[in-house]
């Protein structure tokens, strides 16, 4: 087997893992966060929030693995990135 075929195999495997996590995120219904929720977060996979240019409260979601390695999605409200440095 030549090196190009080996590199192509590894690249394909890496891209497959990336698309697998993206597909898992879209197939899981987000659970809304509420104060006092018991969180079971083993590893955070991604953090996303609404795009905005100003400062304000936006919807966000966190995709993570729980202690059973199951993909979970949690929705919550947070300050926009435009609020950094604002008082």
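The values are calculated or read from the model by the stated rules, or taken from the named source; none is laboratory data. As the structure is a prediction and not an experimental result, all values here were calculated from the model. Cβ placement follows ideal geometry from the backbone for every residue including glycine, while neighbour counts extend to all protein chains displayed.
Residue count for the stretch 48-59, restricted to those that are without any contact (Cβ under 8 Å) to a residue 24 or more places away in the chain and surrounded by 12 or more Cβ atoms within 10 Å (Cβ to Cβ): 4. Among the residues making up the stretch 60-87, a single one is exposed (fewer than 13 other Cβ atoms within 10 Å of the Cβ) and either part of a strand (DSSP E or B) or in contact (Cβ under 8 Å) with a residue 60 or more places away in the chain (or both): 77.
Looking only at the stretch 41-64, residues that are under 15 Å from the mean Cα position of the chain (by Cα) and at pLDDT 90 or above come to 14 in all.
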